[in-house]
Amino acid sequence: MSAPRTTAWPLVALFTAGYLAPYLLPTAVGRLDTGLPLSPTQAGAIGSALLLSSAAAGFLLASRVDRIGARTLARAGLLLAVLGYGGAALTTLVPAVVLGALVGGFGSGTVTAVAATGITAMGAPPARAESRAWGNDPHRTSALGLLGVSALAGAVYLTVPHLGAGHGQPLAAIALTALAVWPLTGRLPLRTAPVRTLHDRMPLPHRRSGLVLVAAMPCWSLVQNSLWGVSGRIGLSQAHLTEVTVGVVFAVALGAALIGVVGAGALGPRLGLATPIGAGTALIAVCIALSASATDLMTFAAGEIAWNVLYPIVLSYMIGLAASLDPRGRWAVLVGSAASVGTAAGPLTGSVLSAQAGFPVMGAMLAAGLLVIAVPLTAVALKRRPVAARPACEDAVVQIEIPAYENSYASTAAI
């Protein structure tokens, strides 16, 4: 008899709540700059602190979700998000806003860790052959989470400009989302205390490849979020657009990201892992340079929309690459947390580079750095080509599925 599987919808909701803060980064940082007595660099530093706190939660909890319990951790993370983001939205005192951002960021990271480990664990095959329910497919569950956060962030971008000035609206949206997700945590498993076996104590497999990913992902993510963190200011100050127009561009861009999600699912393993990661990263570099040099609506929209189409495709394959290294999902969570470190540094890096050299030079520097990072990522991907699933041999091979959002293919990992 197969073991009960984690229900998908709570994980989708947690994925959405955990990732909403990074998706709203441009409007959150931009409104901190205009709504509070802060310089653009100081506002970017607060955004970086928020995301760094989120990354710290991921690193701290990567291997503790099962021991503490998914339900307990998810509720703790959602509570911190409500209190942190809600408190920051309701005050204009800068120290209180910083504290709220740190607390809320740690809550987002906690929620994301629960969602990531739960989705990865869903890839374990049942004890007997049976068709998997649609909602219990790890790839489709991740796809639904990405669809949810993209749609919700797009709605916020369309709504916030009509709610008046101030820094609180984006932060309040994150807090309300966490509050809305709370009732679904009742369907998550409580803490269990399984008997520790030799398998449980085994070190991380494929350590060299995993360490390369952990080292490269902060840089890859930093480049992405250096642009994303200042995209609002590029549209407002360099392309001379209104906040409403910039919000529409971001909403369309996030909608276009859904095309990237569908495209990744349609491609699946056909292109392997190296081509989507290597070529996709190079194309993203072109989009970054284009967007950062934009001086009109067409160029700005083209860069942002193309970047948002490509970003989820490449990210999905990179998460799949990390997941293929360890059937327990530890590398996937660690790589995701490493990416969060780069995400955290992105707003401050983008603010400093643009202030010192201007947006176009910033874009050229970021694009060049991304091309350099593509080399080790592609090298690791070349060693992890997806292969056809085969029966697992007891104590020798464990069959796993790569949760690359919606790339439905399987791999096997010897341990």
Item to check | Residues of the stretch 81-97 classified as open to solvent by 50 Å² or more (accessible area, probe 1.4 Å) and modelled with pLDDT of 95 or more, total | outcome: 1
Checklist entry - Among the residues of the stretch 197-206, is any part of a loop (DSSP other than H, G, I, E, B), modelled with pLDDT under 90 and basic (Lys, Arg)? => result yes
Next on the checklist: Given the condition polar (S, T, N, Q), over 30 Å from residue 40 (Cβ atoms) and modelled with pLDDT of 85 or more, answer yes or no: does some residue in the stretch 392-400 qualify?
Outcome noted: no
Checklist entry - Quick one: what pairs do we get from the stretch 178-202, first residue acidic (Asp, Glu), second at pLDDT below 55 and exposed (fewer than 14 other Cβ atoms within 10 Å of the Cβ), C-beta under 8 Å, 6+ apart or different chains? => result 200/194
Checklist entry - Just checking, how many residues over the stretch 279-298 are assigned to a loop (DSSP other than H, G, I, E, B) and open to solvent by 40 Å² or more (accessible area, probe 1.4 Å)? => result 3
Checklist outcome for this item: Exactly one of 71, 64 is over 19 Å from residue 167 (Cα atoms), open to solvent by 20 Å² or more (accessible area, probe 1.4 Å) and touching a residue at least 60 places away in the same chain (Cβ under 8 Å), and that one is 71
Checklist outcome for this item: Picked from the stretch 233-248 (must be open to solvent by 10 Å² or more (accessible area, probe 1.4 Å) and touching a Pro at 6+ places or on another chain (Cβ under 7 Å)), the residue nearest to residue 365 (Cα to Cα) is 233
Item to check | Residue selected from the stretch 1-22 under the condition more than 19 Å from residue 188 (Cα to Cα) and open to solvent by less than 40 Å² (accessible area, probe 1.4 Å), by the criterion modelled with the lowest pLDDT | outcome: 22
Next on the checklist: When you check residue 413 against the structure, is it open to solvent by less than 10 Å² (accessible area, probe 1.4 Å) and either at pLDDT below 80 or over 24 Å from residue 58 (Cα atoms) (or both), yes or no?
Outcome noted: yes
Checklist entry - Among the residues of the stretch 366-384, is there at least one that is open to solvent by less than 10 Å² (accessible area, probe 1.4 Å), at pLDDT below 80 and within 21 Å of residue 55 (Cβ to Cβ)? => result no
Checklist entry - Hey, any hits in the stretch 94-116 for a residue that's under 15 Å from the mean Cα position of the chain (by Cα) and either closer than 22 Å to residue 232 by Cβ or outside any helix (DSSP H, G or I) (or both)? => result yes
Item to check | Number of the condition not met by residue 213 [criteria: (1) surrounded by 24 or more Cβ atoms within 10 Å (Cβ to Cβ); (2) in contact with a strand residue (DSSP E or B) (Cβ under 9 Å, 6 or more places away or on another chain)] | outcome: (2)
Checklist entry - Quick check: anything in the stretch 25-37 under 15 Å from residue 347 (Cα atoms), touching a Leu at 6+ places or on another chain (Cβ under 7 Å), touching a residue at least 12 places away in the same chain (Cβ under 8 Å) and part of a helix (DSSP H, G or I)? => result yes
Next on the checklist: When you check residue 193 against the structure, is it modelled with pLDDT under 90, among the small types (Gly, Ala, Ser) and surrounded by fewer than 13 Cβ atoms within 10 Å (Cβ to Cβ), yes or no?
Outcome noted: yes
Checklist entry - Can you tell me which residue in the stretch 330-363 is most open to solvent (accessible area, probe 1.4 Å), limited to those that are within 13 Å of the chain's Cα centre (by Cα) and among the hydroxyl-bearing types (Ser, Thr, Tyr)? => result 340
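Yes/no per residue for (1) open to solvent by 40 Å² or more (accessible area, probe 1.4 Å); (2) out of contact with any helix residue (DSSP H, G or I) (no Cβ under 6 Å at 6 or more places or on another chain); (3) assigned to a helix (DSSP H, G or I); (4) among the charged types (D, E, K, R):
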residue: 272; (1), (2), (3), (4): no, yes, no, no
residue: 277; (1), (2), (3), (4): no, no, yes, no
residue: 303; (1), (2), (3), (4): no, no, yes, no
residue: 313; (1), (2), (3), (4): no, no, yes, no
residue: 316; (1), (2), (3), (4): no, no, yes, no
residue: 328; (1), (2), (3), (4): yes, yes, no, yes
Next on the checklist: Against the definition (over 14 Å from residue 18 (Cα atoms), open to solvent by less than 20 Å² (accessible area, probe 1.4 Å) and touching a residue at least 24 places away in the same chain (Cβ under 8 Å)), how does residue 167 come out, yes or no?
Outcome noted: yes
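The values are calculated or read from the model by the stated rules, or taken from the named source; none is laboratory data. Nothing here was measured: the structure is a model prediction, and the numbers come from that model. With ideal geometry, Cβ positions are generated from the backbone for all residues, glycine too; neighbour counts draw on all protein chains shown. Calculation scope for accessible area: heavy atoms of the full protein, side chains included, ligands and nucleic acids excluded. Shrake-Rupley method; radii C 1.70, N 1.55, O 1.52, S 1.80 Å.
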